[in-house]
Amino acid sequence: MTRPVFIFGFMFVILATGCGGGSKYVPNVTLTHSGPIIDAIAEFHNLYPAYALLSGKETFGLDAPEAERIEPSELARQLESELLTELDAAGVFSRVTRFDPHPDVILTGRITALHEHYRPQFWAQIPNVVPYVGIVSQLLRMKTHVSSGKVHLTIYVLKPTGEILGTYTGQSTFNEVFNPTKDVPPGARLNRALSEAVHQIQGDISRDVQLRKRASSGNRNTGLKHPDES
């Protein structure tokens, strides 16, 4: 009797593991070109998640049924790469890069919040307990799912010496009820909020006249030698 029980248990573990592939959140930012380009080369450094995100005290990323968990450090690196690519493509600065031997400005930042809680409504989870709940919800056109979340980012623009030239914050929240569709899967609402927050930062940087003057008057544009070359 022991052997059949062991085999059955082993097969159950394999099946349970094999069925575990769920949603994986990948940061995606959509920006458009806005305003004149700041004539400066920006070197993009790290984004630092708040301690509550790193420690797991607060959700970081996508919280949804069967969603794949991503380590906070990995998610932060993914977001860094996405922001670098999109800020460079949108023409906020003349160039945004990971490294430049003589950058005009340094970009770094803080992630205070980045999360989406995607779940079925409570009553939608008990169709077998409450008779006809599915039929009633369809007749009344009730939405079966809810998703809520928040994005809060801060970008700092510094001189290579460490002097802060500007601090720019973007925030977006959402709370929606809906019936699920394949066109808007788990994580899509979070990426929309992320794009809105980054768009706010982009706009504030582009409209900052003082930043434009101080960043654009870098040593490479004035004919002065870089400190390393003196």
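The values are calculated or read from the model by the stated rules, or taken from the named source; none is laboratory data. Just so it is clear, the structure is predicted and the values come from calculations on it, not from any experiment. We place every Cβ from the backbone using ideal geometry, glycine too, and count neighbours over all the protein chains shown.
Residues of region 94-110 being acidic (Asp, Glu) and closer than 20 Å to Gly35 by Cβ, which ones?
Of everything in region 94-110, just one residue is acidic (Asp, Glu) and closer than 20 Å to Gly35 by Cβ, namely Asp104.
Inspect all residues belonging to region 119-136 and state whether any of them is polar (S, T, N, Q), modelled with pLDDT under 95 and part of a helix (DSSP H, G or I).
yes
Could you identify the single residue in Asn221, Asn179, Asn175, Asn191 that is at pLDDT 95 or above and over 21 Å from Glu86 (Cβ atoms)?
Every option except Asn175 fails the conditions.
Taking strands (runs of 3 or more DSSP E) that fall entirely within region 24-99, which contain at least 3 residues that are within 13 Å of the chain's Cα centre (by Cα)?
38-49, 60-63
State whether the residues of region 104-120 include one that is buried (at least 17 other Cβ atoms within 10 Å of the Cβ), in contact with a Gly (Cβ under 8 Å, 6 or more places away or on another chain), more than 19 Å from Pro186 (Cα to Cα) and of a type in the set (Asp, Glu).
Checked against the condition, which is being buried (at least 17 other Cβ atoms within 10 Å of the Cβ), in contact with a Gly (Cβ under 8 Å, 6 or more places away or on another chain), more than 19 Å from Pro186 (Cα to Cα) and of a type in the set (Asp, Glu), region 104-120 yields at least one hit.
Give the residues of region 100-112 that are in a strand (DSSP E or B) and of a type outside the set (Val, Ile, Thr), sorted by residue number.
Leu107, Gly109, Arg110
Taking only pairs six or more apart or across chains, which ones have beta-carbon atoms under 7 Å, a first residue in region 155-174 that is part of a strand (DSSP E or B), and a second residue that is surrounded by 15 or more Cβ atoms within 10 Å (Cβ to Cβ) and of a type in the set (D, E, K, R)?
Leu165/Lys159; Leu165/Arg214; Gly166/Asp208; Tyr168/Asp204; Ser172/Glu196; Thr173/Lys150; Phe174/Arg189
Every residue, every condition in (1) modelled with pLDDT of 95 or more; (2) surrounded by fewer than 21 Cβ atoms within 10 Å (Cβ to Cβ); (3) touching a helix residue (DSSP H, G or I) at 6+ places or on another chain (Cβ under 6 Å), yes or no:
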| site | (1), (2), (3) |
| --- | --- |
| Phe44 | yes, no, yes |
| Ser55 | yes, yes, no |
| Glu58 | yes, yes, yes |
| Glu66 | no, yes, no |
| Arg77 | yes, yes, no |
| Leu84 | yes, yes, no |
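Looking only at region 159-218, which residues are touching a helix residue (DSSP H, G or I) at 6+ places or on another chain (Cβ under 8 Å), β-branched (Val, Ile, Thr) and crowded, with 19+ Cβ neighbours inside 10 Å?
Val198, Ile205
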